[in-house]
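Below: one structure, written as C-alpha coordinates.
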Amino acid sequence: MLRKKIGETAVSWRWSPECRELTRPFVTTPFVLGKKNKKVGRLEEAEALPREHFDKTSFELGLAKVIDSLSRDLSDLKAGRQDPKILSQLRVRSSQHDGVLLNSLAAISQRDQRTLLVSVYDGDDVKAVQKAIQEANLNFNPQPTAKSPLQLAISLPRMTQEKRKELHVQMVRRADVARTQLRAERGDAMKAVKKSAGSENERAKLEKEVTAIVEKLNKNLEQSLEAAQQAVMSI
(Lines give C-alpha, C1' and ligand atoms only; values in the text may rest on other atoms or scores of the structure.)
Protein backbone atom coordinates (compact mmCIF):
# COMPACT_ATOMS: atom_id res chain seq x y z
CA MET A 1 0.00 0.00 0.00
CA LEU A 2 1.23 3.45 -0.92
CA ARG A 3 0.31 6.58 1.06
CA LYS A 4 0.56 10.10 -0.24
CA LYS A 5 -0.25 13.37 1.48
CA ILE A 6 -2.00 16.04 -0.54
CA GLY A 7 -2.07 19.18 1.61
CA GLU A 8 -3.88 18.12 4.79
CA THR A 9 -5.58 15.15 3.07
CA ALA A 10 -4.22 11.65 3.61
CA VAL A 11 -4.85 9.44 0.53
CA SER A 12 -4.30 5.66 0.59
CA TRP A 13 -3.42 3.88 -2.65
CA ARG A 14 -3.64 0.07 -3.03
CA TRP A 15 -2.35 -2.20 -5.84
CA SER A 16 -5.10 -4.21 -7.49
CA PRO A 17 -3.80 -7.22 -9.50
CA GLU A 18 -7.14 -7.65 -11.23
CA CYS A 19 -7.19 -4.11 -12.59
CA ARG A 20 -3.40 -3.76 -12.69
CA GLU A 21 -3.78 -0.18 -11.50
CA LEU A 22 -3.83 1.82 -8.32
CA THR A 23 -7.23 2.21 -6.65
CA ARG A 24 -8.45 4.68 -3.97
CA PRO A 25 -10.72 2.76 -1.58
CA PHE A 26 -11.13 5.67 0.81
CA VAL A 27 -10.14 9.25 1.49
CA THR A 28 -9.97 10.91 4.88
CA THR A 29 -10.33 14.71 5.07
CA PRO A 30 -9.58 15.99 8.57
CA PHE A 31 -10.23 19.63 7.68
CA VAL A 32 -13.78 18.87 6.44
CA LEU A 33 -14.55 16.98 9.60
CA GLY A 34 -13.08 19.87 11.54
CA LYS A 35 -15.49 22.31 9.89
CA LYS A 36 -18.44 20.07 10.69
CA ASN A 37 -17.31 19.73 14.28
CA LYS A 38 -16.96 23.52 14.58
CA LYS A 39 -20.48 24.02 13.21
CA VAL A 40 -21.92 21.54 15.68
CA GLY A 41 -19.95 23.26 18.42
CA ARG A 42 -21.43 26.65 17.53
CA LEU A 43 -24.96 25.24 17.60
CA GLU A 44 -24.30 23.68 20.98
CA GLU A 45 -22.91 26.99 22.27
CA ALA A 46 -25.98 28.89 20.97
CA GLU A 47 -28.29 26.43 22.70
CA ALA A 48 -26.27 26.76 25.88
CA LEU A 49 -26.59 30.58 26.00
CA PRO A 50 -28.82 31.82 28.85
CA ARG A 51 -32.32 32.82 27.71
CA GLU A 52 -33.94 36.03 28.90
CA HIS A 53 -37.41 36.51 30.33
CA PHE A 54 -39.95 38.08 27.91
CA ASP A 55 -41.09 41.42 29.35
CA LYS A 56 -44.80 41.43 28.53
CA THR A 57 -45.40 44.61 30.55
CA SER A 58 -42.93 46.64 28.46
CA PHE A 59 -44.49 45.24 25.29
CA GLU A 60 -47.98 46.36 26.37
CA LEU A 61 -46.67 49.80 27.41
CA GLY A 62 -45.16 50.26 23.95
CA LEU A 63 -48.50 49.42 22.36
CA ALA A 64 -50.34 51.78 24.72
CA LYS A 65 -48.08 54.68 23.66
CA VAL A 66 -48.95 54.06 20.01
CA ILE A 67 -52.69 54.03 20.70
CA ASP A 68 -52.55 57.07 23.00
CA SER A 69 -50.66 59.07 20.38
CA LEU A 70 -53.22 58.12 17.72
CA SER A 71 -56.12 59.05 20.02
CA ARG A 72 -54.65 62.52 20.63
CA ASP A 73 -54.11 63.10 16.92
CA LEU A 74 -57.62 61.97 16.00
CA SER A 75 -59.05 64.16 18.73
CA ASP A 76 -57.21 67.22 17.37
CA LEU A 77 -58.37 66.44 13.83
CA LYS A 78 -61.96 65.94 14.99
CA ALA A 79 -61.91 69.48 16.31
CA GLY A 80 -61.22 70.63 12.78
CA ARG A 81 -57.89 72.07 13.87
CA GLN A 82 -59.80 74.65 15.94
CA ASP A 83 -57.87 73.61 19.01
CA PRO A 84 -57.76 75.94 22.04
CA LYS A 85 -53.99 76.15 21.53
CA ILE A 86 -54.61 78.16 18.36
CA LEU A 87 -55.21 81.22 20.58
CA SER A 88 -52.53 80.63 23.22
CA GLN A 89 -49.71 82.23 21.20
CA LEU A 90 -51.57 85.39 20.24
CA ARG A 91 -50.04 88.66 21.47
CA VAL A 92 -52.14 91.15 23.44
CA ARG A 93 -51.23 94.84 23.30
CA SER A 94 -52.80 97.55 25.43
CA SER A 95 -51.84 100.44 27.70
CA GLN A 96 -51.05 97.88 30.39
CA HIS A 97 -49.47 95.15 28.23
CA ASP A 98 -46.93 95.33 25.44
CA GLY A 99 -47.27 92.13 23.42
CA VAL A 100 -47.82 89.60 26.22
CA LEU A 101 -49.09 86.12 25.36
CA LEU A 102 -52.84 85.71 25.55
CA ASN A 103 -52.56 82.51 27.62
CA SER A 104 -50.90 84.54 30.39
CA LEU A 105 -54.02 86.72 30.65
CA ALA A 106 -56.75 84.11 30.18
CA ALA A 107 -57.58 80.41 30.29
CA ILE A 108 -58.57 78.93 26.93
CA SER A 109 -60.81 75.87 26.62
CA GLN A 110 -63.24 74.19 24.24
CA ARG A 111 -66.80 74.20 25.54
CA ASP A 112 -68.09 71.99 22.73
CA GLN A 113 -67.23 71.04 19.16
CA ARG A 114 -68.23 74.45 17.83
CA THR A 115 -67.40 76.82 20.69
CA LEU A 116 -64.14 78.01 22.24
CA LEU A 117 -64.24 79.69 25.64
CA VAL A 118 -61.76 82.36 26.80
CA SER A 119 -61.88 83.10 30.56
CA VAL A 120 -60.00 86.34 31.25
CA TYR A 121 -58.40 86.64 34.69
CA ASP A 122 -58.73 90.43 35.07
CA GLY A 123 -61.74 92.48 33.96
CA ASP A 124 -59.44 95.28 32.80
CA ASP A 125 -57.97 92.95 30.15
CA VAL A 126 -61.23 91.71 28.58
CA LYS A 127 -61.39 94.30 25.80
CA ALA A 128 -57.70 93.98 24.96
CA VAL A 129 -58.01 90.18 24.72
CA GLN A 130 -61.17 90.48 22.61
CA LYS A 131 -59.44 92.89 20.22
CA ALA A 132 -56.35 90.66 19.90
CA ILE A 133 -58.53 87.73 18.82
CA GLN A 134 -60.56 89.81 16.36
CA GLU A 135 -57.40 91.16 14.69
CA ALA A 136 -55.65 87.77 14.43
CA ASN A 137 -57.12 86.95 10.96
CA LEU A 138 -58.75 83.79 12.30
CA ASN A 139 -62.27 84.84 11.35
CA PHE A 140 -63.25 84.72 15.04
CA ASN A 141 -65.64 87.13 16.73
CA PRO A 142 -65.45 86.61 20.52
CA GLN A 143 -68.45 87.83 22.50
CA PRO A 144 -69.03 88.08 26.30
CA THR A 145 -71.23 85.30 27.67
CA ALA A 146 -74.35 85.79 29.78
CA LYS A 147 -72.75 83.71 32.50
CA SER A 148 -69.84 86.05 33.20
CA PRO A 149 -68.42 89.31 31.75
CA LEU A 150 -64.97 87.77 32.11
CA GLN A 151 -65.79 85.00 29.64
CA LEU A 152 -65.59 85.36 25.87
CA ALA A 153 -67.31 82.76 23.67
CA ILE A 154 -66.10 82.12 20.13
CA SER A 155 -68.49 80.35 17.73
CA LEU A 156 -66.54 78.29 15.22
CA PRO A 157 -67.74 78.40 11.60
CA ARG A 158 -69.18 75.21 10.09
CA MET A 159 -66.68 73.12 8.21
CA THR A 160 -66.84 72.93 4.43
CA GLN A 161 -67.16 69.60 2.62
CA GLU A 162 -63.70 70.12 1.18
CA LYS A 163 -62.25 70.54 4.67
CA ARG A 164 -64.00 67.37 5.86
CA LYS A 165 -62.47 65.34 3.01
CA GLU A 166 -59.04 66.74 3.85
CA LEU A 167 -59.44 65.71 7.50
CA HIS A 168 -60.58 62.22 6.45
CA VAL A 169 -57.38 61.77 4.44
CA GLN A 170 -55.24 62.99 7.33
CA MET A 171 -56.98 60.61 9.73
CA VAL A 172 -56.37 57.63 7.43
CA ARG A 173 -52.70 58.55 7.09
CA ARG A 174 -52.30 58.85 10.85
CA ALA A 175 -54.01 55.48 11.35
CA ASP A 176 -51.62 53.92 8.80
CA VAL A 177 -48.66 55.19 10.83
CA ALA A 178 -50.14 53.61 13.96
CA ARG A 179 -50.67 50.28 12.16
CA THR A 180 -47.04 50.27 11.07
CA GLN A 181 -45.92 51.00 14.63
CA LEU A 182 -48.06 48.16 15.98
CA ARG A 183 -46.55 45.73 13.44
CA ALA A 184 -43.06 46.84 14.47
CA GLU A 185 -43.89 46.32 18.16
CA ARG A 186 -45.25 42.85 17.35
CA GLY A 187 -42.13 41.97 15.34
CA ASP A 188 -39.82 43.00 18.19
CA ALA A 189 -41.95 41.05 20.67
CA MET A 190 -41.82 37.89 18.53
CA LYS A 191 -38.02 38.08 18.36
CA ALA A 192 -37.86 38.52 22.13
CA VAL A 193 -40.21 35.55 22.68
CA LYS A 194 -38.02 33.26 20.53
CA LYS A 195 -35.05 34.15 22.73
CA SER A 196 -36.98 33.87 25.98
CA ALA A 197 -36.69 31.18 28.64
CA GLY A 198 -39.11 28.29 28.90
CA SER A 199 -40.16 25.33 26.80
CA GLU A 200 -41.18 25.41 23.14
CA ASN A 201 -44.84 25.12 24.19
CA GLU A 202 -44.50 28.08 26.53
CA ARG A 203 -42.91 30.19 23.80
CA ALA A 204 -45.62 29.18 21.34
CA LYS A 205 -48.25 30.23 23.88
CA LEU A 206 -46.56 33.64 24.30
CA GLU A 207 -46.48 34.13 20.53
CA LYS A 208 -50.25 33.50 20.37
CA GLU A 209 -50.82 36.00 23.20
CA VAL A 210 -48.74 38.66 21.43
CA THR A 211 -50.66 38.15 18.19
CA ALA A 212 -54.04 38.26 19.97
CA ILE A 213 -53.17 41.51 21.78
CA VAL A 214 -52.07 43.25 18.57
CA GLU A 215 -55.10 42.01 16.62
CA LYS A 216 -57.42 43.37 19.32
CA LEU A 217 -55.70 46.78 19.23
CA ASN A 218 -55.94 46.85 15.44
CA LYS A 219 -59.71 46.34 15.73
CA ASN A 220 -59.91 49.14 18.31
CA LEU A 221 -57.88 51.33 15.97
CA GLU A 222 -60.34 50.78 13.12
CA GLN A 223 -63.28 51.60 15.41
CA SER A 224 -61.60 54.81 16.64
CA LEU A 225 -60.85 55.87 13.07
CA GLU A 226 -64.44 55.27 11.98
CA ALA A 227 -65.83 57.19 14.99
CA ALA A 228 -63.50 60.15 14.32
CA GLN A 229 -64.50 60.28 10.65
CA GLN A 230 -68.19 60.26 11.56
CA ALA A 231 -67.63 63.01 14.14
CA VAL A 232 -66.05 65.25 11.49
CA MET A 233 -69.26 65.06 9.47
CA SER A 234 -71.18 66.65 12.35
CA ILE A 235 -68.82 69.61 12.90
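Observations, loosely collected:
- Residue-normalised convex hull volume from the C-alpha trace of the range 96-235: 182 Å³ per residue.
- Number of Lys pairs (Cα under 19 Å; 8 or more positions apart or on different chains) in the range 155-235: 9
- Neighbourhood charge, 13 Å Cβ-Cβ cut-off, centred on L61 and excluding it, Lys, Arg +1 and Asp, Glu -1: -3
- Where R111, R174 fall by accessible area, highest first, once all protein chains stay in place (1.4 Å): R111, R174
- Accessible area of S104 in the full protein assembly, 1.4 Å probe (Å², nearest 10): 70
- Pairwise centroid distance, computed over Cα atoms, of the range 90-105 with the range 165-235, Å: 45
- For Q110, distant residues with modelled amide H under 5 Å away: L117
- Taking the range 77-235 and dividing mean pair separation by its residue count, relative contact order in percent (alpha carbons under 8 Å, at least six apart): 21
- Accessible surface, per residue, of the range 112-235 when the full set of protein chains is kept, probe 1.4 Å, Å²: 61
- Local net charge near R158, Cβ-Cβ under 13 Å (Lys/Arg +1, Asp/Glu -1): +2
The values are calculated or read from the model by the stated rules, or taken from the named source; none is laboratory data. What you are looking at is a predicted structure, and each value in this text was computed from that prediction instead of being measured. Because the Cβ atoms are built from the backbone with ideal geometry, glycine has one as well, and the counts that use them run over all protein chains shown. We work out accessible area using only protein heavy atoms, side chains counted, and drop any ligands, DNA or RNA first. Shrake-Rupley method; radii C 1.70, N 1.55, O 1.52, S 1.80 Å.
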